[in-house]
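The values are calculated or read from the model by the stated rules, or taken from the named source; none is laboratory data. Because the structure is predicted, anything quoted here is derived from the model rather than measured. Neighbour counts run over all protein chains shown; Cβ positions are idealised from the backbone, glycine included. Quick note on the areas: whole protein, heavy atoms, side chains included, nothing else; ligands and nucleic acids left out. Shrake-Rupley method; radii C 1.70, N 1.55, O 1.52, S 1.80 Å.
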Amino acid sequence: MQLATDKRLAHDASNTLIAAKGLPVVVSRTPEQLENIVSLFAASDEWLDRVRLRAERRWYERLYHDQDYDIWVISWMPGQSTGFHDHGASSGAFVVATGILEEHRVGERSHVIYPGKPRAFGPDYAHDVRNISLAPAISIHAYSPPLDEMNEYELDGSRLVPRERVSENAETLDQEWPVQRRKPVDRTGASNIEQVLSAARARLQRLSPDEAYGAMIKPEAILVDIRPEGLRAIEGSIAGALVVERNVLEWRFDPASSARLPVASNHDLQIIVFCSEGYTSSLAAASLQDLGLWSATDIVGGFHAWRAAGLPTVPPAEPSKIHPAHER
């Protein structure tokens, strides 16, 4: 996987410098590099089984930490927000993996952030991020140098005023981002990714492979393959399926998006999403429903179930020696 290669190269380069000079070396990543890191990580399945939901405040976990950058995953229940804050001397980037978030900056219009559209920024960047939707959201964040300072602010008219901590019970930096001392996460009352998946599927009228095959004759039905290129090369494909990888799915099918596909002209399309085994596709279909595409759904069992049912497939062009991360 590219992210693993990226980590290894960074580690090797760092060790070479340290050996040559005998000094600790920190190589800061640019916002553009961090944007690529969070996009690659969100497209993998390395975070799926780590996610929890908290009703009282946002849940978070740092998934990777090195001398040059760290990676966090955060879950957001409806109505949860960060408040205005910065990240000290760290540059950063984040991407929504599922759901919708909204970013607020002083003196600027708010930005609605859909899955697959990362936001990157330099040091001393202050913003407030919120989940204003009716569904949970999950986001992936990276910071370089690794996050060790945050400052919180109150909005006073058109300016930000540094906020003082008034009590130990307030939602402070140490509670939200325990970068110096991590305490065990209190998971009492928390939800896990299986519950998020169940909630997504409860909204869908999922189709069996045979039902999806029969739906393909309808002009308003579009079969969409969201698997990464590496998996399509190994597993094969379905003739007639439109390939739109997961990280850009919402932008290609939102009728209001400037990056939409020509076919995505209205909200009445029946978009039938599939991945390898029918897990990621359920979250993707629910996200499309959040955009008003109410008929969006997915295939039970994904491509593997389609192939096992004996339905037509296109075999891979040639065997691949690359083994990508397993996609659920």
Matching residues in the stretch 69-79 - criterion: being open to solvent by 10 Å² or more (accessible area, probe 1.4 Å) and either without any contact (Cβ under 8 Å) to a residue 12 or more places away in the chain or in contact with a strand residue (DSSP E or B) (Cβ under 7 Å, 6 or more places away or on another chain) (or both): 77
Some residue of the stretch 76-97 being under 15 Å from residue 141 (Cβ atoms) and touching a His at 6+ places or on another chain (Cβ under 7 Å): yes
Residue within the stretch 211-234 that is at pLDDT below 85, over 24 Å from residue 274 (Cβ atoms) and out of contact with any strand residue (DSSP E or B) (no Cβ under 6 Å at 6 or more places or on another chain) present: no
Some residue of the stretch 216-229 being in a helix (DSSP H, G or I) and open to solvent by 20 Å² or more (accessible area, probe 1.4 Å): yes
Number of positions in the stretch 273-310 that are among the small types (Gly, Ala, Ser), at negative phi and either surrounded by fewer than 22 Cβ atoms within 10 Å (Cβ to Cβ) or assigned to a helix (DSSP H, G or I) (or both): 10
Residue tally, condition part of a loop (DSSP other than H, G, I, E, B), of a type in the set (A, V, I, L, M) and out of contact with any helix residue (DSSP H, G or I) (no Cβ under 7 Å at 6 or more places or on another chain), over the stretch 237-261: 3
Residue match in the stretch 224-245 (condition: among the acidic types (Asp, Glu) and more than 21 Å from the chain's Cα centre (by Cα)): yes
Residues that are in contact with a Leu (Cβ under 9 Å, 6 or more places away or on another chain) and surrounded by fewer than 18 Cβ atoms within 10 Å (Cβ to Cβ), drawn from the stretch 112-149: 112, 126, 132, 133, 149
Unique residue being in contact with a Gly (Cβ under 7 Å, 6 or more places away or on another chain) and modelled with pLDDT under 90 when the list is 78, 136: 136
Of residues in the stretch 241-264 being open to solvent by 70 Å² or more (accessible area, probe 1.4 Å) and small (Gly, Ala, Ser), the one nearest to residue 283 (Cα to Cα): 256
